[in-house]
Amino acid sequence: MKKEKENEFYVFLPLVIYITIILIIGIVMFVVFLNKYDWNEIFPYILLAMLILLPICIFIWGICTMACKITINEMGVTRRLFGVKKRFIAWKEVKEIRIKNPIAGWIFISKKSLGNWGISRCRLSRATIYLMSTSKVIETLKKYCPQKELLQNL
């Protein structure tokens, strides 16, 4: 069981950043509306949307995309959300493993060639599993990936 825990990684760090940015935007918009407009009929609905609904929607989106557990083992790469398998890519199906570095490094494991795709398009592709790039993740990929030519970009 301990060996399996060493191969599990979370895509979680950016969630805190997203929620913080949305909350700051909501508070700034609240202050702007409070100073600019009088208390009228529409103001409570604007307040509700800015400070409650928008952060909750972003939080749910963040959990669905960033709180997944990625397991790398000898069979392939598995992505799970709350224990439910969302996606699995066997090593024989992997066409490309690539690191993209806009702010923090992201590793993309894909069933098809990524070409010159940007990071947003790579993340939206159903044929990819992505996670934050760390030295532990790279070591685990080098240990389990049977196709060593895919690891040249790491």
For the chain, calculated [θ]222 nm from helices alone, where every DSSP H run of n ≥ 4 adds -39500 (n - 2.57): -12500 deg cm²/dmol
With a Förster radius of 25 Å, plug the Cβ-Cβ distance of residue 138 and residue 74 into 1/(1 + (r/R0)^6) and report the FRET value to the nearest 0.05. 0.90
Rounded to whole Å and sorted largest first, what semi-axes of the equivalent ellipsoid does the C-alpha gyration tensor of region 68-153 yield via the square root of 5 times each eigenvalue? 17, 16, 13
Theoretical FRET efficiency, 1/(1+(r/R0)^6), r = Cβ-Cβ of residue 101 and residue 45, R0 35 Å, to 0.05: 0.25
Figure the gain on full extension for residue 56 and residue 8 (residue separation times 0.36 nm, minus the Cα-Cα span) and round it to one decimal in nm. 14.6 nm
If the chain between residue 149 and residue 32 were fully extended at 0.36 nm per residue, the gain over the current Cα-Cα distance would be 36.6 nm
In Hz, Karplus ³J(HN,Hα) per residue of region 60-74 (6.51, -1.76, 1.60; θ = phi - 60°; x = Gly, Pro): 4, 4, x, 5, 5, 9, 10, 9, 6, 9, 9, 10, 10, 9, 5
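Laboratory data are not the source of any read-out in this text; all were calculated from the coordinates shown. Small disclaimer: the values here were computed from a predicted structure and weren't measured. Neighbour counts are summed over all protein chains in view; Cβ atoms, including those assigned to glycine, are modelled from backbone coordinates with ideal geometry.
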